[in-house]
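*Asks:* The structure that follows is given in the form of structure tokens.
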Amino acid sequence: MKHELKLYCDTQELAGLRTFLNEFLQKTSLSDIDQHQVTLAVEEVCANLIIHSHDCNPKEFIEVNLKQKDDGLVFEITDIGMGFNILEYKEPELAHVIKAKRKGGLGIMLVKKIMDKIEFETSGKENTCRLFKKLNSK
Amino acid sequence: MLKIEKSTEEDHVCLELIGEVDASNSVELDESIQELVNENTKKILVDGTHLEYISSAGLGVFMSYLDEFDEKNIHLVIFGLNQKVHQVFHILGLDQLINIKPTQEEALAVIYEA
């Protein structure tokens, strides 16, 4: 079964993304808390792209692909555009977030804390961010 | 979907957050808090009993007021968060910066002893 979502670049679409992720994650062995966090991490990457790379233009879209492998889950987020390399992004200090009264900056911190591995690659104008979450082997 | 219900009791105002806070609606949370700050409210309770989800957009709203609350002697306490949502505050250590209590009674005790 294919787990693919075409996500239009409108923040109103994020609720639909969560439903899509929840349906997939419910069938995995992740705990409820982990499912919630993984949903959050994938949403943070998508929200970032929607807002910063696509200026919330609802005519543009990004693609979200979910795969279950033996040892874990792979979340692939692909878009065409200027690209946002999450690995090169230097997240701000919490103290700085407070001082600058900036309401952003926390999302990428969450992604890095929640996911086990993050990859980013660019091929032409196509950018792919791959997030990995291990499944506990017991 | 997010619904914010505001109620005033004694000296404090309670904001009940119902639903989900994400990048599409965090501005509503921001406006509700800004309104209380503008009205010179000093004691704010946030009832998170029916908050099902919060993303960084919502966390950022709370964070952005921390300095102003300090300067203006405003006390904000969040209570009733379910475990999943509480965990999101915990991942980044925000539960050390924002006052979060399990129950309304404990939250009230904090704002009225202050």
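*Asks:* Scan the stretch B:1-26 residue by residue and report those that are within 14 Å of chain A (Cβ to nearest Cβ) and touching a Lys or Arg at 6+ places or on another chain (Cβ under 9 Å).
*Replies:* B:G19, B:E20, B:D22, B:S26
*Asks:* Further question on the same structure: Can you tell me which residue among B:L92, B:L51, B:L45, B:L81 is in contact with a helix residue (DSSP H, G or I) (Cβ under 9 Å, 6 or more places away or on another chain) and within 17 Å of A:L110 (Cα to Cα)?
*Replies:* Details: B:L51 fails: within 17 Å of A:L110 (Cα to Cα); B:L45 fails: within 17 Å of A:L110 (Cα to Cα); B:L81 fails: within 17 Å of A:L110 (Cα to Cα).
Result of the check over B:L92, B:L51, B:L45, B:L81: B:L92.
*Asks:* Further, regarding this structure: Testing A:L21 on (1) at pLDDT below 95; (2) surrounded by 18 or more Cβ atoms within 10 Å (Cβ to Cβ), one condition comes back false. Which one is that?
*Replies:* (1)
*Asks:* Among the helices (runs of 4 or more DSSP H) lying completely within the stretch B:39-114, list those that include at least 3 residues that are farther than 19 Å from A:V38 by Cβ and either within 14 Å of another protein chain (Cβ to nearest Cβ) or more than 13 Å from the chain's Cα centre (by Cα) (or both).
*Replies:* On the way: elements: B:56-64, B:66-72, B:83-91, B:104-113.
Qualifying helices (runs of 4 or more DSSP H): B:56-64, B:66-72, B:104-113.
*Asks:* Another question about this same structure. Could you grab the pairs with beta carbons closer than 8 Å, sequence gap of 6+ or different chains, first residue in the stretch B:85-106 and under 17 Å from B:C14 (Cβ atoms), second one assigned to a loop (DSSP other than H, G, I, E, B)?
*Replies:* B:I100/B:L81; B:P102/B:G80; B:T103/B:G80; B:Q104/B:G80
*Asks:* Quick one: count up the residues across the stretch A:17-27 that are closer than 16 Å to A:V45 by Cβ and more than 11 Å from every other protein chain (Cβ to nearest Cβ). Walk me through how you get there before you give the answer.
*Replies:* Just the residues of the stretch A:17-27 that are closer than 16 Å to A:V45 by Cβ, to begin with: A:17-18, A:20-21, A:24-25.
Among the residues that remain, those that are also more than 11 Å from every other protein chain (Cβ to nearest Cβ) are: A:20-21, A:24-25.
Of the residues in the stretch A:17-27, 4 are closer than 16 Å to A:V45 by Cβ and more than 11 Å from every other protein chain (Cβ to nearest Cβ).
The values are calculated or read from the model by the stated rules, or taken from the named source; none is laboratory data. For clarity, every value in this text was computed on a predicted model and none was experimentally measured. FYI the Cβ positions are ideal-geometry reconstructions off the backbone, even for glycines, and counts take in every protein chain you see.
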